[in-house]
Structure formats: structure tokens, C-alpha cells
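Novice: The structure's right below; bear with me while I get my questions together.
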Amino acid sequence: MAGGSAIRGSRVGAGPMGEAERGDSAPRLYVSFFCSNGHETRPAFAAEAVVPEVWDCMRCGLPANLDSENPPPPPKITPYKTHLAYVKERRSDEEAEAILAEALAGLRARRAAGEVIY
Ligand SMILES: [Zn+2]
């Protein structure tokens with residue numbers, strides 16, 4: 001009987017619909033991002049992709065957002081880090097001096113007590 005092959009044929013016939021959905025004419029979404037240097041970056045997203053709020057500028061690397069009137073300010077991480085490193089360095093120097101002074105004082109105290117220090 002031809003019943004089985006008819007069902008199989010209808011399943012094959014459903015194929016073109018699926019192929020049309022994933023054709024190479026996938027819709028693209030172009031979104032403009034603006035950085036604080038006035039650069040415009042237009043990455044292309046898949047239509048179903050979630051567009052991020054912040055994008056790195058392709059020209060200068062600064063953060064860019066969708067608002068050309070109010071782009072994100074350039075990050076101030078570097079000067080802050082430098083300052084923090086400076087404070088930390090100074091603090092550790094002071095600590096090192098204090099530890100050294102304490103060690104010397106202890107050494108002198110033990111010498112004074114008659115201990116032999118090598
Ligand atoms: Zn830029």
C-alpha cells in the first residue's frame with residue numbers, strides 16, 4: 001500500500017518551511033552607540049539579540065551608550081588606582097619601618113639580657 005510513503009512524503013514536504021526560516025537573509029539590527037569623544041559605533045546585532053546598554057567604542061575604546069546627548073563619562077579608574085597604590089605603598093613603608101624598629105628593639109633587649117644572637 002502507498003499509505004506509509006504518503007505520510008513520509010508529507011513530512012519531507014514540511015522541510016522547505018523550516019529552511020525558509022533559517023535562510024541567509026537573517027534580519028540585522030544596527031544600533032548606534034556614542035562615546036564621550038563623539039564617536040559613533042554601529043555594531044550589527046541579530047534581530048533577536050538583546051542590545052546591551054553600553055558598548056566599547058570601536059575607535060577609542062571608551063564606553064559608549066545609546067544616548068548621543070549624554071554619553072557615559074570616561075572611566076576614572078587609572079588615576080584612582082594610582083592614588084590608592086601610592087597610599088598603600090606609603091602605608092606599607094611606614095609599617096615596615098615600625099616592624100624593623102620593633103625587631104631591632106627586641107634584638108637589643110635580648111642582647112642586653114645576655115642572650116647570644118647569631
Ligand atoms: Zn570613541
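Novice: Output the number of the condition that residue 79 fails; it satisfies all remaining conditions of (1) at pLDDT 80 or above; (2) more than 16 Å from the ligand (Cβ to nearest atom).
Specialist: For residue 79, the exception is condition (1).
Novice: For residues that are part of a strand (DSSP E or B), open to solvent by less than 70 Å² (accessible area, probe 1.4 Å) and either among the hydroxyl-bearing types (Ser, Thr, Tyr) or more than 8 Å from the ligand (Cβ to nearest atom) (or both), tally how many sit in the range 56-70.
Specialist: Residues in the range 56-70 being part of a strand (DSSP E or B), open to solvent by less than 70 Å² (accessible area, probe 1.4 Å) and either among the hydroxyl-bearing types (Ser, Thr, Tyr) or more than 8 Å from the ligand (Cβ to nearest atom) (or both): 2 in total.
Novice: Here is a further query. In the set 19, 53, which member is open to solvent by 80 Å² or more (accessible area, probe 1.4 Å) and modelled with pLDDT of 85 or more?
Specialist: Testing whether each residue is open to solvent by 80 Å² or more (accessible area, probe 1.4 Å) and modelled with pLDDT of 85 or more leaves just 53.
Novice: If I filter the range 24-46 down to residues being open to solvent by 50 Å² or more (accessible area, probe 1.4 Å) and of a type in the set (A, V, I, L, M, F, W, C), which single residue comes out as nearest to the ligand (Cβ to nearest atom)?
Specialist: 29
The values are calculated or read from the model by the stated rules, or taken from the named source; none is laboratory data. Only a predicted model underlies this, so the values are computations on that prediction, with no experimental measurement involved. Ideal geometry is used to build each Cβ from the backbone, glycine not excepted, and the neighbour counts take in all protein chains shown. We work out accessible area using only protein heavy atoms, side chains counted, and drop any ligands, DNA or RNA first. Shrake-Rupley method; radii C 1.70, N 1.55, O 1.52, S 1.80 Å.
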